[in-house]
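The values are calculated or read from the model by the stated rules, or taken from the named source; none is laboratory data. Not measured: the values here are computed from a predicted model. A quick note on method: Cβ atoms are made from the backbone with ideal geometry, for glycine too, and the neighbour counts reach across all protein chains shown. Please note that ligands, DNA and RNA were not included when accessible areas were found on the heavy atoms of the full protein model with its side chains. Shrake-Rupley method; radii C 1.70, N 1.55, O 1.52, S 1.80 Å.
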Amino acid sequence: MEFIGRKEELRRLEKEYSRRTSFVLITGRRRVGKTRLINEFIAGKDAMYFLVTEQADADVLADFSAALSRYSGKPQGRFDDWRDAMKAFVMSKPGKKILVIDEFQNLFRKNESFLSLMQDVWDGTMSQEELMLIVCGSHVSSMESLDKNRRSPLYGRITRHLVIRPLPFEDVRDGLPYTDEVERYAVLGGIPRYMELFDDVPLRDNVEDNVMNPSSMLFDDPRVLLGDEVREVASYMSIMRAIADGNRKLSDISSAVQVPSTTLNAYLRRLIEMGMVVRRVPVTDCNPSKSRNGLYTISDYYTAFWFRFVFPYSSEVQSGDPSWALSEYDQHFIDKHVSFVFEDLCRAMVPSMSDAIGFKPARVGSYWDGKTEIDVMAINPVLKAVFVAECKYHPNNPVDNHVLNSLKRKVGGIRELDGYKIVYGLFSVSGFDHLDDEDVVLVDRGEVVRICSN
């Protein structure tokens, strides 16, 4: 697959490389393209790449010794100590060089003293040289702790922490009709490895062949990702399924999985730490951590899709009968999944729509309370300006005045917006019908087709 996107990540890596010495931490879920990014960055540079496999520490050290011999072009022998091995890399060649250690967590998850050893080598040797050290790993919570946990031996030494996220929608668009691109993205979620597996055939055929098929890597990958991070896999699977089924409030999730809210909080915090779940609050809430209106959603689209359309039918799919899963997909793929992804894509557009809405938003999100839900809300509290919009993913039905009038009624009941200048907007994938109000911003198939006249 052609390397696409990641311009900002490459820019930051190049900036770190320009420093005399740098220590870069790269984290992100499996399949998201961390290794491909690193290989793109080190191409043409003096760099040694080393993948830490899951085996005994002595065997990993032996593999590192052999890799160092190949990199330096000199026989290094077999090191008995990681300190000596790292120092040998520093001395292996003159001038600026890069050492990449991929799947770094495999070095310290079973050997707790390794991080202290690494601290000693960095402080005593590596930090004094023309060197760039990159450590990368897919065990998100373990790797994140290197930089965030004050008790970590490497805390305060890392000069740059890059979190690699799924590719944004705009980077993966490939000239297909807009709705086809949205629906494909709603399944694959910008995960490069998943994108490689889909063929140029209709989406439903790809889903049947590459997702609802037990021989495919995609069939069980979310379960594998969870198993990498936690021990109580079954409990976490139940929670993820409940969220995917539309239970987004703490109380609703608690009822669905029959776990008290006080106990459930710990599981949800863990899922958030792993980057698998996000907690969202209304954009009008200025203190998210104390908000009582938090809603939980699965953070990446493929995982959400899998828990909604594949996991509930695992037994049937495993036995070679995907018909039940495909029936659910046919009936509810759009209204239970794509429509929510489309809302996210609309919100992601808003920061670049300042000219269309007439101001630069400070916060972009959505709004809800006990009676009202608004898909898009962007606020600038200094200017007392707000952009409110509805998103309608109806491929065959243009958006009309009924939607706009409904939006205006809902906004009229929100006290937090008293005194604000309100700009209205509508997002569609099938155009608009009988919308003569020139004070509404219109966005069709990802393109602004009318800006605010005031």
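Summary of values
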{"quantity": "Within the chain, percent of DSSP bridges classed antiparallel, to nearest 5", "calculated": "30 percent"}
{"quantity": "Using a Förster distance of 56 Å, the FRET efficiency for Thr53-Glu438 (Cβ separation, nearest 0.05)", "calculated": "0.35"}
{"quantity": "Accessible area per residue, Å², the chain with all protein chains present, probe 1.4 Å", "calculated": "47 Å²"}
{"quantity": "Cα gyration tensor category, rounded, prolate or oblate, for segment 323-454 with a/c compared to 1.5", "calculated": "prolate"}
{"quantity": "Whole-Å distance, taken between Cα centres, linking segment 167-184 and segment 349-408", "calculated": "22 Å"}
{"quantity": "Simple label model, 7 Å out from Cα along Cβ direction - Ala66 to Asn401, nm", "calculated": "7.6 nm"}
{"quantity": "Ordering of 23-34, 62-73 by burial proxy (mean other Cβ atoms within 10 Å per residue, highest first)", "calculated": "23-34, 62-73"}
{"quantity": "Accessible surface of segment 1-62, 1.4 Å probe, proportion on carbon and sulfur as whole %", "calculated": "48 percent"}
{"quantity": "222 nm mean residue ellipticity, helices alone, for the chain (DSSP H n ≥ 4; -39,500 (n - 2.57); rounded to 500)", "calculated": "-12500 deg cm²/dmol"}
{"quantity": "Accessible carbon and sulfur surface of segment 271-353 relative to its total accessible area, %, 1.4 Å", "calculated": "50 percent"}
{"quantity": "Projected label distance in nm at Trp324 and Arg36, using a 7 Å step from Cα toward the beta-carbon", "calculated": "3.5 nm"}
{"quantity": "Full-extension gain in nm, Ile4 to Ser315, via 0.36 nm per residue minus C-alpha separation", "calculated": "108.3 nm"}
{"quantity": "Additional length obtainable on full extension of the chain from Ala43 to Ala348, 0.36 nm per residue less Cα span", "calculated": "106.6 nm"}
{"quantity": "Residues of type lysines that Lys87 reaches as a straight line, Cα spacing below 21 Å, ignoring anything fewer than 8 places off in the same chain", "calculated": "Lys45, Lys74, Lys96, Lys97"}
{"quantity": "Length-normalised contact order for the chain - Cα pairs under 8 Å, 6+ apart - percent", "calculated": "12 percent"}
{"quantity": "Inter-probe distance in nm under a simple model that places probes 7 Å from Cα toward Cβ, at Val382 and Asn149", "calculated": "4.0 nm"}
{"quantity": "Highest to lowest packing among 45-52, 129-136, scored as the average C-beta count within 10 Å", "calculated": "129-136, 45-52"}
{"quantity": "Protection-proxy order for peptides 160-169, 35-44, 194-203, each taking the mean of Cβ atoms within 10 Å per residue, highest first", "calculated": "160-169, 35-44, 194-203"}
{"quantity": "Per-pair calculated FRET efficiency, R0 = 56 Å: Ser113 and Val449 via Cβ, rounded to 0.05", "calculated": "0.35"}
{"quantity": "Partners for Lys410 among lysines (Cα-Cα distance below 20 Å; same-chain residues under 8 apart left out)", "calculated": "Lys371, Lys384, Lys392, Lys421"}
